[in-house]
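First up is the structure itself, then whatever we jot down about it.
Bear in mind these aren't lab numbers, they're just calculated from the coordinates by the rules spelled out. Model, not experiment: these values are computed from the prediction. Don't worry about glycine lacking a Cβ; one is built from the backbone with ideal geometry, like all the others, and counts go over all protein chains shown.
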Amino acid sequence: MLEYIDKIFNNFKSCFSRQSAFQWFVVIIVGFMIRSDKIGTTSVIRDLALSSKIYDTMNHFFRASSWSLESIKLKWFEVVNSSAPLYKEEGYTILIGDGVKQAKEGRHMPGVKKLFQESENSSKPEYIFGYMFGVLAGNVSKWFCIPLHVNFQDGIQTILSWKAKEEQPRTHMVQMIENGYEAAKTFGKSLLLLNRYFLSVPALVQLEQCNHSEDAIMHLISKAKKSCMAYQ
């Protein structure tokens, strides 16, 4: 197992311009894998039995200019595509996407907002304060999913509006289509499975625009909404 993990890590060396940054990447990812709680970098330091003196140094890694999240994400797509037993139907890679709402107590943190729970599960409160994540995962033959892409997709409109006009924030549905298509560029022609919450006109328009770029082909499979109308 250790030999296999080491082989996976070595694929990411090219994403870092400095060896020390790559070494911190390995330490932090291993810490994320074995940590017993979710209290940020302190969890990594505690469960790896590291010195508390490296706390500031470890935090500097996340702001380093020697690597970019985009290059790591694209490399992860390549690693999954080459080594994971991806599930396919008639040559199409099956991708699964969904939104996850995670409760968070700190209401003054970036991305935390009041969220409405669309779930029909009565055990969930109608409203929560927290994050909304967009999660894209690859379905495999052993009926579990390998996460491919996770990002905040709501509650950060103000932050995103600081960017140029051509990079204005998109809706949660549109971002999920974009994430799926980005993965399809690596996996080849794909089928993206989403629940009916994501079936919207902006999402379908974005899907058509992506497929017209001819970088890859991705089709959307979803249920129809109860409120949808069909015309002959």
Whole-Hz ³J(HN,Hα) from phi, Karplus 6.51 cos²θ - 1.76 cosθ + 1.60, for the stretch 197-209, glycine and proline x: 4, 8, 7, 9, 4, x, 5, 5, 5, 5, 4, 5, 5
Roughly how large, in nm² to one decimal, is the mean projection of the convex hull of the alpha-carbon atoms in the stretch 1-94? 7.5
Residues residue 46 and residue 74, FRET efficiency given R0 of 45 Å [Cβ-Cβ distance, rounded to 0.05]: 0.90
Pairs beyond 32 Å (Cα-Cα), from 13/223; 73/226; 185/225: 13/223; 73/226
Considering only DSSP states other than H, G, I, E and B, which GluC sites (Glu not before Pro) in the stretch 1-103 qualify as loop sites with at most 13 other Cβ atoms within 10 Å? 90
The residues 20, 65, sorted from fewest to most surrounding Cβ atoms within 10 Å, come out as 65, 20
Would you please name the trypsin sites (Lys or Arg not before Pro) within the stretch 1-55 that are DSSP coil residues with at most 11 other C-beta atoms within 10 Å of their C-beta? 38
Would you pull out the residues with amide H under 5 Å of residue 151's amide H, same chain only if 5 or more places away, H placed 1.01 Å from N? 134
